[in-house]
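The values are calculated or read from the model by the stated rules, or taken from the named source; none is laboratory data. Bear in mind the structure is a predicted one, so any value in this text is a computation, not a measurement. Note: ideal-geometry Cβ built from the backbone for every residue, glycine included; neighbour counts use all protein chains shown. For accessibility, only protein heavy atoms count, side chains too; no ligands or nucleic acids. Shrake-Rupley method; radii C 1.70, N 1.55, O 1.52, S 1.80 Å.
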Amino acid sequence: MDQTEKKVKLAVNGGISFGAKLNAKQLGVIAEHLIDGEELELTTFQQLYIEVPESKVEFVKEQFREAGLSCYPVGNYVKSLRTCNFCKGAEEEGMPVAIELNERIAGKQVPFTLRPAYTGCPIGCGEPLVNDIGVMKVRDGYDLYIGGYGKGKIAQMGILIMEQLTPEQLYEAVEKIINIYAEHGKKREPLFKFINRYGFENLKSQLVGYE
Ligand code: SF4
């Protein structure tokens with residue numbers, strides 16, 4: 001590679017399945033595109049960061065996709081949905097809903113990196129209450145928490161904003177919250193700070209019809 005060429009960082013993982021796993025083919029294709037002397041970064045959010053030459057980004061993404069890997073942008077975007085291991089089964093724990101939610105929101109541009117998390121039952125292995133947006137499947141419905149934050153001494157738990165939503169109601173509510181944050185949040189303002197400034201009740205009042 002030309003040493004002066006700009007590098008682009010990609011976030012990669014194996015998509016939403018029974019836990020954050022990679023197979024041999026996926027590891028092989030990642031290793032193939034790892035620049036000599038560079039390292040793979042393992043993040044806390046079930047993503048690997050890899051840097052690739054700018055001129056090869058689209059080619060590498062295509063190769064990754066062919067191997068069943070998912071690619072996401074790095075920076076002030078909605079991250080891919082962190083999930084639990086769906087230990088009680090895909091349908092019972094709502095894996096199709098988690099996949100659809102991830103498709104709808106991951107990679108959207110926001111004022112500051114937004115971490116959504118999903119968990120298939122109230123045991124909460126996906127840690128939904130300490131992430132910006134948390135979804136917990138409870139019986140046949142989906143409970144939605146917002147404003148959790150897991151870092152430092154200002155760590156706080158998310159607040160329940162809606163409960164027992166249907167999948168469609170969940171997608172709509174989460175997308176609306178993200179759109180409002182994208183439109184009204186200040187640059188580099190984390191979601192929990194935005195909620196404090198904008199007002200939890202003000203935000204909730206705009207998620208019409210599901211109380
Ligand atoms: S949150 Fe529930 S379904 Fe998901 S891995 Fe934990 S115990 Fe299993």
Ordering K25, K153, K193 by the accessible surface of their heavy atoms, 1.4 Å probe, largest first, yields K153, K25, K193
Checking region 146-204 for GluC sites (Glu not before Pro) in a loop per DSSP with at most 13 other beta-carbon atoms within 10 Å yields none
Within the chain, the cysteines whose Cβ lies no closer than 4.7 Å to any other cysteine Cβ are C71, C87, C121
Helix 57-66: inclination vs the chain longest Cα principal axis, degrees, rounded to 10, gives 70
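Charges at C-beta only: +1 for Lys and Arg, -1 for Asp and Glu. How large is the resulting dipole of region 47-193 about its Cα centre, in Debye rounded to 20? Intermediate results must be reported in sequence, preceding the final value.
Values: 18 positive and 20 negative charges, 150 e Å.
With Lys and Arg at +1 and Asp and Glu at -1, about 720 debye.
Evaluate the relative contact order of region 7-73 (contact order divided by residue number), counting alpha-carbon pairs under 8 angstrom at least 6 apart; express in whole percent.
Values: 88 pairs, mean separation 34.0, N = 67.
Averaging sequence separation for qualifying contacts and normalising by length gives 51 percent for region 7-73.
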As a percent rounded to 5, the proportion of antiparallel DSSP bridges among beta bridges in the chain is 75
Reported to the nearest 10 Å², Y142 has, with a 1.4 Å probe, an accessible area equal to 10
Site E5, offset 7 angstrom along Cα→Cβ, radius 14 Å on amide nitrogen, limited to region 34-74, gives 34-36, 51-61
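Using only alpha carbon pairs under 8 Å that are at least six residues apart, calculate the relative contact order of the chain and give it in whole percent. Don't jump to the answer; show the numbers that get you there.
Numbers: 398 pairs, mean separation 31.9, N = 211.
It comes to 15 percent, rounded to a whole number.
Grab the DSSP H runs of the chain that are 4 residues or longer, score each as -39,500 (n - 2.57), total them, divide by all residues and round the 222 nm result to the nearest 500 deg cm²/dmol.
Numbers: 6 runs with 62 residues, N = 211.
Taken over the chain, the calculation gives -8500 deg cm²/dmol.
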Rounded to whole angstroms and listed largest first, the alpha-carbon spread of region 82-205 along its three principal axes comes to 40, 31, 26
Which of Y77, Y198, Y145 fluctuates most in a GNM of the chain (C-alpha springs under 10 Å)? That residue is Y198
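Residue separation times 0.36 nm, minus the C-alpha to C-alpha distance between E103 and Q206: what's the value? Let's see the in-between values first.
Values: separation 103, 0.36 × 103 = 37.08 nm, distance 2.30 nm.
Value of the extension gain: 34.8 nm.
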Taking alpha-carbon centroids only, region 79-158 lies from region 9-47 a number of Å equal to 21
Filtering trypsin sites (Lys or Arg not before Pro) in region 39-126 by DSSP loop and by at most 11 other Cβ atoms within 10 Å leaves none
Charge dipole of region 1-144 built from unit charges on the beta carbon (Lys, Arg +1; Asp, Glu -1), centred at mean Cα; most positive-end Cα among V78, T4, P128 is P128
With DSSP loop assignment and no more than 16 other C-beta atoms within 10 Å, the GluC sites (Glu not before Pro) in region 8-104 are E38, E39, E91, E92
From most to least accessible, 1.4 Å probe, no ligand or DNA/RNA atoms counted, K187, K7, K204 line up as K187, K7, K204
With every protein chain kept in place and a 1.4 Å probe, the residues S205, S70, S80 fall, from largest accessible area down, as S205, S70, S80
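Could you state the orientation-averaged shadow area of the convex hull built on the Cα atoms of the chain, in nm² to one decimal? Write down the numbers at each step before the final one.
Working: hull surface 50.7 nm².
For the Cα atoms of the chain, the hull's average projected area reads 12.7 nm².
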Unit-weight point scatterers at every alpha-carbon of region 7-90, Debye formula, q = 0.12 1/Å: log10 I(q)/I(0) is -0.34
Contact order relative to length for region 46-146, counting C-alpha pairs under 8 Å separated by 6 or more residues, stands in percent at 23
